[in-house]
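Contents: one structure, followed by commentary.
What follows draws every value from the coordinates through simple rules; no lab data is involved. None of the values given here were measured: they were computed from a predicted structure. All Cβ positions, even for glycine, are placed from backbone atoms using ideal geometry, and neighbour counts span all protein chains on display.
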Amino acid sequence: MKFRNVLVIALVAVGLSGCDGHNMADLRSFVKNSYANRKPKVEPIPKIKPAETFVYSASTLPDPFSPENLKPVSVEKGLRPDLNRRKGPLEQFPLDSLKMVGTISRGKQIWAIVMAPDGTVHRVKVGTHIGQNYGLVTRITEGKVRITELIQGPTGQWVQREASLALAE
């Protein structure tokens, strides 16, 4: 084994002796002279067009959060949710967290398949309560569930608001 190690070291030494660099003057002059007269092609920097200035003055616009600007969709006298009604399983979730995943129909009856955030799947028909804003399913089509919600306006009156769940893709 000693002989083999000595042989490997000798071969490496002989191989490295050819890379001493004394006879590389012609290679260095070739590299120096071959690219001496060439200049790199650099495209000019494109001119930047200045952006148009815009002055935003909110003092002339009405306050979007003032109660005068909140216009209810429809207000009916005596409109209020039934607070004594037993809540359904889909009323514990916000409407934007529910996903419509399909429909089922038998004869003229159509149901929407709605998935809750916890992964449970529910069958919904017209008249089912859904969402946290006292939503009531009013219409079901193959691609959408229409819902009428009851929300409390800024002055305390109950207001109807239209919402929908679209078929998730």
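Points worth noting:
- Take the Cβ atoms of ASN23 and PHE3, set R0 to 45 Å, and the FRET efficiency comes out at 0.85.
- Whole-number percent relative contact order across the chain, with pairs defined as alpha carbons under 8 Å at least 6 apart: 17 percent
- Most mobile of GLY88, GLY127, GLY107 in a GNM of the chain (Cα contacts under 10 Å): GLY107
- Efficiency of FRET from Cβ geometry, PHE65 and LYS99, R₀ 30 Å, rounded to 0.05: 0.45
- Per-selection metrics, the range 71-166 (Cα): Rg and Dmax in Å: 13.8, 45
- Nearest-0.05 FRET efficiency for LYS108 and ARG85, computed from C-beta distance (R0 35 Å): 0.85
- Here the contact order of the range 71-166, divided by its residue count and restricted to Cα pairs under 8 Å and six or more residues apart, works out to 27 percent.
- Given charges at beta-carbon only (K, R positive; D, E negative), |dipole| of the range 71-166 in Debye: 320 debye
- Most mobile listed residue (ASN23, ASN133, ASN84) in the chain, GNM with C-alpha springs under 10 Å: ASN23
- Answer label, with Cα Rg over 2.2 N^0.38 Å calculated from the coordinates and candidates [x] 1.43; [y] 2.50; [z] 1.03: [y]
- In the chain, the longest principal axis of the Cα atoms and the axis of helix 25-34 are about 50 degrees apart.
- Length gained when the stretch VAL55-SER164 is fully extended (0.36 nm per residue, less Cα-Cα span): 35.5 nm
- Among beta bridges from DSSP that stay inside the chain, the antiparallel ones total about 95%.
- For the chain, built as a Gaussian network whose Cα springs stay under 10 Å, the top-fluctuating residue of PHE30, PHE65, PHE93: PHE30
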